[in-house]
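What follows draws every value from the coordinates through simple rules; no lab data is involved. Keep in mind that this is a model prediction, so the values were computed, not measured. Positions of Cβ are generated from backbone atoms using ideal geometry, with glycine treated the same way; all protein chains shown enter the neighbour counts.
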Amino acid sequence: MIQTQLKELLLQSLVHELGGVLVYRTALECVVNDDLREEWEKYLAQTQKHVALLTAACQALGLDPGELTPGCQVVQHTGKSLVVAMKMALAAGDPAAAQIVACEAVMLAETKDHADWELIGECAKALDGEAAAALQTAYDEVEDQEDEHLYHTQGWCRELWLQSLGLKAVLPPPEEKRDVKSAAEAQAAREAR
Ligand SMILES: [Fe+2]
Ligand SMILES: [Fe+2]
């Protein structure tokens, strides 16, 4: 494995989780639906834990968790952009619209979050010794949560949009009710709605 890219992946993932904390804090200012607020409060707490797990994993691999590579600066910028987008929507004064913007911001953030951890899992498999153990421990704790963050949020986005269009919406979304934890289960939940 190319060690410089492993370092890049881990540091970007950490910056992205840190941005995720800010995304959830802002999304919670936008949320209207009580079930969604409860979800996001849970996801915020889990994201804070992911920051701690990745910080420890970076340290175990001899990396400086505070290092901001050019790639990390881009990731940080993208996270801040999502926060700015939600603030814009809040300022426009339509709470239902701001909630959808927040849901989309969370979905975008969780798409990279999910992808990052999928790659971290691949790296854990390819490494050996202490480095492999450090990444695998973090991955095992986070993997299911990232599946839930992404697939459930996709469901919330779709149903909140349908509701706003005056079409039949299922709230909370079927992904939530079925406790979806994989792409295949998410597909089945969409098809059964
Ligand atoms: Fe995360
Ligand atoms: Fe996440």
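The three principal axes of the Cα atoms in the stretch 101-193 give end-to-end lengths of 55, 25, 15 Å, sorted in falling order. Bridging of Lys49 to aspartates and glutamates at a Cα separation below 14 Å is possible for Glu17, Glu41, Asp113, Asp140, Glu141, Glu143, Asp144, Glu146, once same-chain residues fewer than 8 apart are set aside. Check the straight Cα-Cα distances from Lys177 and name the lysines below 23 Å, setting aside those fewer than 8 residues away within the same chain. Qualifying lysines at Cα under 23 Å: Lys42, Lys168.
At q = 0.14, 0.17, 0.18 Å⁻¹, what is the log10 ratio I(q)/I(0) for the chain, with the Debye formula run over Cα points and no solvent? Normalising to I(0) and taking log10 leaves -0.79, -1.07, -1.16.
Computed per residue of the chain from DSSP H runs no shorter than four, each worth -39500 (n - 2.57), the mean residue ellipticity at 222 nm is -29000 deg cm²/dmol. In this label model, Trp161 and Glu118 are separated by 1.9 nm, measuring between points 7 Å along each Cα→Cβ vector. Charge tally around Cys72: other residues with Cβ under 11 Å, Lys/Arg +1 each, Asp/Glu -1 each, net -1. The label point for Gln187 and the one for Lys80, both projected 7 Å from the Cα toward the Cβ, are 4.0 nm apart.
A simple charge model with +1 on the Cβ of Lys and Arg, -1 on the Cβ of Asp and Glu and nothing else charged puts the dipole of the chain at about 600 debye relative to its Cα centre.
Straight-line cross-link partners of Lys80 among the lysines, defined as a Cα under 16 Å from its Cα and at least 8 positions apart when in the same chain: Lys112.
Stretching Ala92 away from Gln73 to a fully extended chain increases their span by 4.0 nm, per 0.36 nm per residue minus the current alpha-carbon distance.
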